[in-house]
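Taking it in order: structure first as structure tokens, then the write-up.
Rule-based calculations on the coordinates, nothing more; no lab input. Just so it is clear, the structure is predicted and the values come from calculations on it, not from any experiment. So basically every Cβ, Gly included, is an ideal-geometry build from the backbone, and we count neighbours across all protein chains shown.
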Amino acid sequence: MITSISCHAILLWCGSFLLFSSFFTPTINANETDRLALLAIKTQLQDQRGVTSSWNNSVKLCQWRGITCGRRHQRVTVLDLSYQSIRGRLSPYIGNLSFLRSIYLDGNSLYGEIPQEIGRLSRLQILVLANNSFSFNIPSNLSRCSKLTDFVADYNHLVGLIPPEFGYLLKLERLHILNNHLTGELPASIGNLSALQRIDLQENNLKGRIPDSLGRLRKLYYLSVHSNNYSGMVPPSIYNISSLESLSLSRNAFTGNIPLNIGFTLPNLKVFRNYDNNFTGPLPDSFSNALKLVEFDVAENSFIGKLSIDFSAFKNLSWLQVATNLLGTGEANDLEFLTSLTNCSKLELLAFYQNQFGGVLPSSIANLSTTLTFLVFTENQISGSIPPGIANLFRLDRIAMDVNQLSGTIPHGVSQLKKLQILYLNDNNLQGSIPTSLGNLTLLYHLDLGSNFLHGNIPSSLGNCQNLIMLSVSSNKFTGSVPQEILGITTLSTYLGLYDNLLSGPFPSEVGNLKNLVFLNVSKNNFSGKIPDSIGGCTSLESLSMKDNSFNGNIPFSMISLRSIKKLDLSSNNLSGQIPKFLENLSFLEYLNLSVNQFEGEVPTKGIFSNTTEFSITGNEKLCGGLDELHLPSCQSKGSKKLKITLLKVLIPVIGSCLIVSACFILVLTRKRKSGNLSQMEEQYPRVSYAELSKATNEFSSSNMIGRGSYGTVYKGILREMGMLVAVKVQSYAKRGLD
């Protein structure tokens, strides 16, 4: 009995051992397969952080960094090397990790192709390859990963088509391939993926039309085809996916109208991005029913008519942009929608620029949410004054009201917006002076008040705005001088515009502080005096216009330092002297205007002066030389002038000396002659009176002068009664007295 029981137990133990052995042995081999596959993958990677340093024989596989194993089989189920700065190629051996469910390789520098062997991973559910440099096509056999729910390959260099075979991934919930170089159309087979919740294909080169089959995706809540080459009409079925929360169609070439009932068919819509397309027609009033809207952007289309959406119940609206359309009628009630926005307590951005909105700017704008940071309605037909209550919007960092018909003064309330960085009020009908308190806006970096009817002095308090990179007060009626404090704003780099005012006096030498300034325009004022030598300190200048002033003197030599200058206009001033030769050497100079000044001398012929279409010197009457096309008189060379002067200096004394010697020789002969009596000598050498000499030399006329020496002047003459040609020297006693 005992023996039989023992034998039975032994048999049971042996059976169990055999069963255990048959189970255990394959597990060991499979685990080894994963280990070898990972070591092969490691050989293709450059891992500067040493993330894979634990991948060695001294550490158990399931303790390797970035590896997760299943509890039951101790097989690798998760490979996670996200954001580890790893470079290299992904080895095809990844296809041997047959128990993998998740692969996270995003945020590295992996390149080359996505291995087709991934298609062998039948258990794979998540494949995240984003933010790498993978290239080539998307492997079509990824469709064999039938359990795949997430395919994320954003920000790579993938090319080619989206495989139509993806239509077999029936469990796919997330398809993200944005920011690649994919081409072709979106396969209609994607409409078979009834589990899809997110499709993000933005920033590719996809084209054609959106397939109507997408309308079958009843779980889809996110769809973005932003920045592709899609065209035609959006299928009406898309607007019937009631689950949609975010729809982005921007930056394509879509046409047609938006369905009038969209606010009812998409009641869950939170984000509607539809800017930069070719949509036409009105913006449907039914959007008033899309109460969950957070972002509404339809800019850069051709929408027309009055904006009649009632935003008063949009509690979460933060972004409203309807800019660059044909909205508005130019009538007084165009801006009623602004009053309805006062209930939007989370509003941050409001932009309705470049439309046809008319009417007076309502005072209710001061009641908009204090969360508002961006208020832009440039290029409309809006009139009235700027509400003083704008000071309530204390978080504003950008105001752009330019190119409208606003009148009145700049309210002091603007000066209370301490976070303001950009203020554009140009091209309106504003009057009065610039509030000195505007200098309190120390964060300003763009200030444009140009093209208004502002007057008075430019306040020196603007010098407190030490972050300004652009300042324009052009085309107003400002008087007085330019405050030195403004020229002390060393951050000014983009533009300084003072042109077309009544500013006067010398231009301050502090301009040399603006070493980073690129554009400077002070033309059409009453500036006088010399162009300051310090202008040469503006070494970054590319454009300098000082025309239509009263600057005088020479062009300062310091301008030789303006090595980046492309445009230089000094026309219509009182500048004089020669045109500087150094202008020939300003190699980037493309336009030079020196017209209507008082320049003289030779026109250079090199550099900018070698092409008459690039420079102008008209209205300078004393110029000579230059290119033949200028038709200027030729210049006397310096050599010929020097020769003439030398000849005059040498020949005149020589001729004079010769005449004096001849006269002396005659006198000597006369004294030496011993024969003949005195009367005979007098007859031969008669005495001549001063009157006769004066008459003979035409009263010592300069036309009879034949020489001038240090001690006198020699004249030629004819003694009429005797018919004798004589030379008469008039001694200079004043000179002798000095000796």
- Given the Cα-Cα distance of T490 and S85 and 0.36 nm per residue of separation, how much length would full extension add, in nm? 141.8 nm
- Taking R0 as 22 Å and r as the Cβ-Cβ distance between N240 and L291, the FRET efficiency 1/(1 + (r/R0)^6), rounded to the nearest 0.05, comes to 0.70
- Query: Local charge sum around T68 (other residues, Cβ-Cβ under 12 Å, Lys/Arg +1, Asp/Glu -1)?
  - Reply: +2
- Query: Which net charge results for the neighbourhood of Q125, defined as the other residues with beta-carbon distances under 12 angstrom from its beta-carbon, given Lys and Arg at +1 and Asp and Glu at -1?
  - Reply: +3
- When the chain is fully extended, how far beyond the present Cα-Cα distance does T370 get from S528, taking 0.36 nm per residue of separation? 52.1 nm
- Calculated from backbone phi, Karplus (6.51, -1.76, 1.60) coupling profile of the stretch 539-552 in Hz, x at Gly/Pro: 6, 9, 4, 10, 9, 9, 10, 10, 5, 6, 9, 10, 5, 10
- Query: How big is the gap, in Å, between the Cα center of the stretch 418-465 and the Cα center of the stretch 140-174?
  - Reply: 55 Å
- Once K695 and A195 are pulled to full extension, the length gained, defined as 0.36 nm per residue separation minus their Cα-Cα distance, is 167.1 nm
- Would you mind checking which residues have amide H under 5 Å from S227's amide H? H placed 1.01 Å from N; only 5 or more apart, or other chain. E203, S250, R251, N252
- Query: By a straight-distance test (C-alpha under 17 Å), which aspartates and glutamates pair with K270 as possible cross-link partners, with residues fewer than eight away in the same chain excluded?
  - Reply: D200, E245, D285, E295, D297, D310, E348
- Message: Just to check I understand the Karplus step: with θ = phi - 60° and J = 6.51 cos²θ - 1.76 cosθ + 1.60, what whole-Hz values come out for the stretch 186-196, glycine and proline as x?
- Response: 6, x, 5, 5, 4, x, 7, 8, 5, 8, 4
- Flagged links, alpha-carbon separation over 32 Å, of K346/K477; K530/K622; K477/K622; K171/K207; K419/K547; K530/K606: K346/K477; K477/K622; K419/K547
- Can you check what the net charge comes to around D397, using other residues whose Cβ is under 11 Å from the Cβ of D397 (Lys, Arg +1; Asp, Glu -1)? +3
- Task: Hey, can you grab everything whose amide H is under 5 Å from the amide H of F279? Only 5+ residues off in sequence or another chain; H modelled, so Pro and N-termini drop out.
- Result: S302
- Query: Taking a ≥ b ≥ c as the square roots of the eigenvalues of the Cα gyration tensor of the stretch 393-523, is the shape rounded (a/c under 1.5), prolate (a/b larger than b/c) or oblate?
  - Reply: oblate
- Between L454 and residues 5 or more places away or on another chain, which pairs have amide H atoms under 5 Å apart, with H built 1.01 Å from N, and which residues are they? K477
- What is the distance in Å between the Cα centres of the stretch 548-587 and the stretch 320-356? 49 Å
